[in-house]
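Below: the structure, in structure tokens.
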Amino acid sequence: MFTTFQQHIVQEQTRRPGSPVELQWLLSGVILASKLIQSQVRRAGLIDILGAVNEINPQGEVQQKLDVYANETLIKCFGLRESVGVIASEENEFPIAVHPNSPEAQYAIVFDPLDGSSNIDVAVTIGTTFSILRRPENCDTSDTLNWVLQPGRQQVAAGYVLYGSSTVLVYSMGNGVHGFTFDPSIGSYILSHENIKMPEQGTYYSINEAYNEIFPSKYVEYIKRVRKGELGKFYSSRFIGSMVADFHRTLLRGGIFIYPETPNYPNGRLRLLYEANPIAYIAEQAGGMATNSVQPILDIQPHELHQRTPLVIGGKSEMEAFMNCIQD
Ligand code: P6P
């Protein structure tokens, strides 16, 4: 018999007495929202949901119709949960206060509704990332930013949904990493990857080498060592241009994914709160590591909602080789 995602988060309750029941109800918001999103993603091109709306998001990017749909769907689904006090999204400049005075409002949820949206129109894998934080001590709903400006180490749960050759939901509540594959014939997420461990060493490195001429030399030197076989293995290069897809492959097959800082993005391109933090949480739970090349991603104290960070994330062997390369 199979295990659904809903059953799994309930079982977490027995596996870890004291793990908050309302967290299960909150996480189930991801199930409904991602089912609705994936149904549109799978039909993009057949319905009027491709292309852009004439809106610009806080990132200065032209919003895709699917971005807007995914964002509104996630806000609606999580907004229904009494346990959610604050919602923050890549697509919204400021956090949204929901259930402002409900005593049950104990969590903030931060997400990127559809990462990799430039790939939507060419049918390349895209994904939703989410991060769940507990309401900080004696902090009322009015200062919504304080609910979310917490280091990634404070996450109580995090994960992503990958809309690829299948729809895969990967999450952790601090008790290992588990993956579920959506079965459209029964409309449920079924446990397909229990207790995922990132391979100690893989055979892929993932970086956009088009920027090699402008990457800081420490990254170029590292990739040179990888290519020369100094890590003891032959590596192949994979770069999908969708962070969630590049990370998911790294999680399952090992290797390393790097998005460095560049002159155009001096603080890195990826967002700390809702892109780097969730996958860094997953990576560490699976035995991997994630850094901004100076400190672990999860230790970074955020100062603004949409702040960016360089990201180096992968298996123990590749990451230790990267840290050694920097020391050299
Ligand atoms: P580039 C997608 O838009 C994204 O934010 C990440 O998912 C991806 O890793 C990155 O941008 C790709 O950016 O500049 O390499 O095309």
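The values are calculated or read from the model by the stated rules, or taken from the named source; none is laboratory data. Remember, predicted model here, so these are calculated numbers, not experimental data. In this analysis, Cβ positions are derived from the backbone assuming ideal geometry, glycine residues included, and neighbour counts consider all displayed protein chains. In case anyone asks, the SASA skips ligands and DNA or RNA and just uses the protein heavy atoms, side chains included. Shrake-Rupley method; radii C 1.70, N 1.55, O 1.52, S 1.80 Å.
Miscellaneous remarks
- Computed from the C-beta positions of residue 7 and residue 208, the FRET efficiency with R₀ = 45 Å rounds to 0.70.
- Projected area, mean over directions - the range 5-193, Cα convex hull, nm²: 11.0 nm²
- Count Lys and Arg as plus one, Asp and Glu as minus one, and take only other residues whose Cβ is under 12 Å from that of residue 162; the net charge is then -1.
- The range 245-311, relative contact order [Cα under 8 Å, separation at least 6], %: 39 percent
- Long pairs among 65/316; 65/233; 197/233; 35/218, criterion Cα-Cα beyond 31 Å: 65/316; 65/233; 35/218
- Per-residue accessible area (protein heavy atoms, 1.4 Å probe) orders 56, 109, 186 as 56, 186, 109, starting from the largest.
- Beta bridge orientation in the range 5-193: antiparallel %, DSSP, nearest 5: 85 percent
- For the pair residue 139 and residue 228, a Förster radius of 30 Å applied to the C-beta separation gives a FRET efficiency near 0.05, rounded to the nearest 0.05.
- Given R0 = 41 Å, the distance between the Cβ atoms of residue 15 and residue 76 translates into a calculated FRET efficiency of 0.85.
- Residue order by solvent-accessible surface for 171, 211 is 211, 171, largest first, with ligands and nucleic acids left out and a 1.4 Å probe.
- Relative contact order computed over the chain (Cα-Cα under 8 Å; 6+ residues apart), in percent: 15 percent
- Extension gain for residue 236-residue 267 works out to 8.4 nm (0.36 nm per residue, less the C-alpha to C-alpha distance).
- Kirkwood radius for the range 258-303, taken over all pairs of different Cα atoms as the inverse mean of 1/r, rounds to 11.0 Å.
- Restricting the chymotrypsin sites (Phe, Trp or Tyr not before Pro) of the range 266-322 to loop positions (DSSP other than H, G, I, E, B) with no more than 14 neighbouring Cβ atoms within 10 Å leaves nothing.
- Mean projected area of the convex hull spanned by the Cα atoms of the range 204-327, taken over all viewing directions: 7.0 nm².
- Dividing the C-alpha radius of gyration of the range 80-182 by 2.2 N^0.38 Å, with N its residue count, gives 1.17.
- Considering only Cα atoms, the convex hull volume of the range 107-249 works out to 180 Å³ per residue.
- Distant-in-sequence amide H partners of residue 307 (H built 1.01 Å from N, under 5 Å): 272, 273
- For the chain, the longest principal axis of the Cα atoms and the long axis of helix 21-41 meet at an angle of about 70 degrees.
- Loop exposure criterion: GluC sites (Glu not before Pro), DSSP state outside H, G, I, E and B, at most 14 other Cβ atoms within 10 Å. Applied to the chain, the longest stretch between such sites is 1-92.
- For the chain, the Kirkwood hydrodynamic radius comes to 20.0 Å, computed from all pairs of different C-alpha atoms.
- On the principal axes of its alpha-carbon atoms, the range 228-275 has extents of 32, 24, 16 Å, going from largest to smallest.
- Within a Gaussian network of the chain (alpha carbon springs, distance under 10 Å), most fluctuating of 317, 83, 165: 165
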